[in-house]
Amino acid sequence: MNISYQWLRAIAPDITDTPDQLAARLAMAGAPADAVEYLDANLEDIIIAKVHTAGKHPNADRLSVCTVDAGTGEILNVVCGAPNVKAGAFYPFAPAGAKLPGGIEIKRAKIRGAESNGMLCSERELGLGRDHAGIMELRGDFTPGESFVPAIGLNDVRFVIDVGANRPDMLSHIGVARELAPGGMAALRLPEFPNAPSSNVAVASAQAEGTTGGLRVRIEDPDGCTRFTGAVIRGVTIAPSPIWLAARLRSIGLRPINNVVDATNYMLHELGQPMHAYDLTKLGGSEIVARRARAGESLVTLDGETRKLEAGMLIIADHDVPAGVAGVMGGLHSEVTNDTKDIFLECAVFDPKSVRTTRRALGLSTDASYRFERGVDWEEVRPAMQRAVSLIIAVAGGTADAPAIDVTTVERDAPVVTLRPARVKHVLGVQLSVDQIERYLTPLGFDVLARSADSLRVRVPGSRWHDVSREIDLIEEIARRHGFESFADDLRAFRPSAVPEDAMSMLENRLRLWLAGRGFLEARMAAFAPDSEGDVALLNPLSAAEGHLRNTVASGLLRRAEYNFARGTRNIRLFEIGTAFAAGDQGGLPVETNRLAGVFTGARTPPHWSAGTQVFDEWDLKGLIEDLSGIVGSDVSIRPMSDSAQQTAFPKLETGSSFEIVDPTGARVGVGGAVPANSIDAPLWAGQVYAFEIVLTDAMTRNESSKMRALPSFPGIERDMALLVDDSVASLTVENTIRGAAGPLLESLAVFDVYRGKGVPANMRSIAYRAAFRAEDRTLTDEDADRTMKQILTRLKEDLGVERRG
């Protein structure tokens, strides 16, 4: 949202802070300034010029040659490329020698044979907007040659502030002023309008429907529209806005349109109350109603688009046809034009959920919908409408056909919240008196109805009904007013929570630390995926290319690997802990699982002169998974992936270079292996990409941390054995058989050699194991080790047909 420094000070005159100081205070108020823009920066050379004549360039179809009065006493020739220049109008002018924002210097030149002594400027060229197609026409009475900046009110500073969704009260200048003014609400003064009527228009109240100026105003849908105020103003003259009003709108980045439309935009940004003006003569049947759209209805909105209205959308209609999308945008057929003489001004309260649903369905977002979705001030609707009537009469003339009408469907009482000073101390850690608490809340519009030493009864103002409903909400307001920087930064006494840490979160933290320690970088991606990578379709996708919830986490990491490859990165190590989704049974809710996925490729270690570069291979991946088993459960193991399992695995992995990760029951909880070259967009220089994905189950969270144990007191014995193993027998099967036969004496088992060749039969391999035996209570003898080895060799031959190599 954009806020004008001068406009802010006009509402709160006791604000004396510099723009930079205000930016710092905005951050502490919960609405940090993303930018502080000095509007007059680099515009000191720009003046206002009047175009006397405008004609086509003799040698160029898309150029025109203008004669311009820049206040120098001579008429200057200027070549212009914009189609909207017309004689008699005023425009910003950069004479020869002037510098534009960005450092471009304007020089005298001949363009296609015609002399040009400067440049008529567009908004974009002046850094005031995005419009580059046309020159910035200035509406009003100006003097050629006067300085551009003060003439149109650009001697101002614009704050681009970030307002949270729970603070609709700050979506206006008065809301921001309420936060920043030293005196709070009591110090605010709404500026008077030149030529405004001396008193506000009278307003009559009605339930469900009423009449003003011969127009029947009716609420047909009390759930979608709870309040509808309106006024008829006759005899207006549509014209450019006066300079002061146009300057206010330009200061916040809006382009002036005409005096009536500008007045409604002014009220939206001053008070946060969206309004809409209709041409009264274009409303059919002398009626306007807030109702739900009917099947088959459509509306051409102010942006010229024909929009099909779904049945149930909240609209504003006359007796015959829709006239606007309630809370979003008005209709084109009833817009205010230069011929408009009588208008109906609408100021209403619409249900936030209804506006949000309609806006999303139509793919349309406006300043009005942005505020209605978050909630407007119920209590200030009538005063806002009365002030808008005064402003329109001041700038467009006419008279109000009194009384105006205020139609409501419900009686709403302000919420009253009980606040306990003891609770304030418990939450904030500081002792605040009842007087201090009241001094903090009153400037924000909160009214203390009753007070005692133990509690206060606080009435919530209309501007805060949408975000203040509980005691803790008031405590937050007190903390902000007290100043977050004023709280002590030392650790005070506290009561530990009786709620245990979430086991899954603790497991995820351990995994993050472990992987980061091995050089992996964590990626965090949205859980959206294309149709080919998802089983659960989204009802309202953000992008047509990502219309499903992902069924795997690794797929996104592979796309990140492609992104890195495209930027010349060879060595990639990424992981993500996130959720994946599977379709529910019989159309039920999707099944969500927590997962750990990783992708890596490239060099195993950084390059060094002392050794050649070694790249990752599948053994690095297997070693990684084996090490991870100590964190996610020591019983997790690896087995080769069968062809049938390969068909259901994702990511799709190389046959013969992939494996399954299984739990003690034999159920697959993950996969890993090499990614096929044809399934990833990788350059020729890229190395083999490896990926893995593991489902994080509740059983894994119960894995206890490793415990330290003393060094053994008794010596051990080592034995080596070279075994002839058929190629159809996995080494993991051999290892498990050895461990099962050895019993408790086996301390460790490791492969130290694999051999194929002379002396080894075809389709077999020699695997050499080193077994270490040790007893905790005695010194083993050779007889103990020999007896255990005999047990191992016997079991291997009987179960697997594996014998010792001779």
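How much FRET efficiency would the formula 1/(1 + (r/R0)^6) give for Ser452 and Glu220, where r is the Cβ-Cβ distance and R0 is 60 Å, rounded to 0.05? It comes to 0.80.
Couplings 3J(HN,Hα) for region 723-736, derived from phi with the Karplus relation 6.51 cos²θ - 1.76 cosθ + 1.60 (θ = phi - 60°), are 10, 8, 10, 5, 4, 7, 9, 6, 5, 5, 5, 4, 4, 5 Hz, where x marks Gly and Pro.
For region 1-89, which GluC sites (Glu not before Pro) are both in a DSSP coil and crowded by at most 12 other Cβ atoms within 10 Å? Before the final figure, lay out the partial values.
Details: sites: Glu37, Glu44, Glu74; in loops: Glu44, Glu74.
Qualifying residues, ordered by number: Glu44, Glu74.
Listed by chain and number, the lysines placed with their C-alpha closer than 28 angstrom to that of Lys622 are Lys652, Lys707, Lys797; residues fewer than eight positions away on the same chain are left out.
The stretch between Arg189 and Glu44, if pulled fully straight at 0.36 nm per residue, gains 49.0 nm over its current Cα-Cα span.
If you roll a 1.4 angstrom probe over the protein chains with everything in place, what fraction of the accessible area of region 440-531 belongs to carbon and sulfur, to the nearest %? If you can, show how the numbers build up before the last one.
Details: 2950 of 5520 Å².
Roughly 53 percent, rounded to a whole number.
Once the chain is represented by equal point scatterers at the alpha-carbon sites, with solvent omitted, what log10 I(q)/I(0) does the Debye formula produce at q = 0.06 Å⁻¹? For the requested q values the scattering log ratios are -0.64.
Report, in cubic angstrom per residue, the convex hull volume of the C-alpha atoms of region 170-263. Looking at region 170-263, the number lands at 184 Å³ per residue. Given their separation in residues at 0.36 nm each and the Cα-Cα distance between them, Arg518 and Phe487 gain 7.2 nm when the chain is fully extended.
Ignoring ligands, DNA and RNA, what percent of the accessible area of region 540-666 is carbon or sulfur (1.4 Å)? Taking all protein chains in place, region 540-666 shows 51 percent carbon and sulfur surface.
At the residue level, Tyr563 shows approximately 100 square angstrom of accessible surface with a 1.4 angstrom probe and all protein chains present. In the chain, the longest principal axis of the Cα atoms and the axis of helix 381-396 are about 50 degrees apart.
For region 271-413, treating each Cα as an identical point scatterer without solvent, what Debye log10 I(q)/I(0) comes out at q = 0.10, 0.17, 0.21 1/Å? Calculated log10 I(q)/I(0) at the listed q: -0.33, -1.00, -1.49.
When the residues Trp465, Trp609, Trp619, Trp685 are ordered by accessible surface, computed with a 1.4 Å probe over the protein chains alone, the sequence from largest down reads Trp609, Trp619, Trp685, Trp465. Note on the chain: dipole from Cβ charges, positive end direction compared against Val79, Ile135, Leu596; the farthest Cα belongs to Val79. What FRET efficiency would be calculated for the residue pair Ala762, His608, taking the C-beta separation as r and a Förster radius of 41 Å, to the nearest 0.05? That gives a FRET efficiency of 0.50. Dipole magnitude for the chain: computed about the Cα centre from +1 point charges on Lys and Arg Cβ and -1 point charges on Asp and Glu Cβ, it is near 720 debye. Among the GluC sites (Glu not before Pro) within region 368-458, those in coil by DSSP and having at most 13 neighbouring Cβ atoms inside 10 Å are Glu411. Averaging 1/r across all pairs of distinct Cα atoms in region 108-182 and inverting the result yields a Kirkwood radius of 16.5 Å.
Note on Thr781 and Asp435: their simple-model spin labels are 9.4 nm apart, each label 7 Å out from Cα toward Cβ. What part of the accessible area of region 9-150, given as a whole %, is carbon or sulfur when the probe is 1.4 angstrom? In region 9-150, the share of accessible area belonging to carbon and sulfur is 47 percent.
For Lys341, list the lysines whose Cα falls under 24 Å from its own Cα; do not include residues on the same chain fewer than 8 positions away. Those lysines meeting the cut-off are Lys282. Once the 1.4 Å probe is applied to the protein heavy atoms, the chain comes out at 49 Å² accessible per residue. The alpha carbon centroids of region 506-532 and region 323-369 are separated by 45 Å. Excluding same-chain residues fewer than 8 positions from Lys107, which lysines have a Cα within less than 28 Å of its Cα? Leaving aside lysines fewer than 8 places away in the same chain, those within reach of Lys107 are Lys50, Lys56, Lys86, Lys99.
Which chymotrypsin sites (Phe, Trp or Tyr not before Pro) from region 466-557 combine a DSSP loop assignment with at most 14 other Cβ atoms within 10 Å?
Details: sites: Phe484, Phe487, Phe494, Trp514, Phe520, Phe528; in loops: Phe487, Phe494, Phe520.
The qualifying sites are Phe487, Phe494.
On the beta carbon distance between Arg25 and Met525, with R0 = 35 Å, the FRET formula returns roughly 0.45.
The values are calculated or read from the model by the stated rules, or taken from the named source; none is laboratory data. Everything quoted here is computed from the prediction, not taken from an experiment. Cβ sites come from the backbone with ideal geometry, for glycine too, and all protein chains shown count toward neighbours. To get the accessible areas, we keep the full protein, side chains included, count just its heavy atoms, and leave off ligands, DNA and RNA. Shrake-Rupley method; radii C 1.70, N 1.55, O 1.52, S 1.80 Å.
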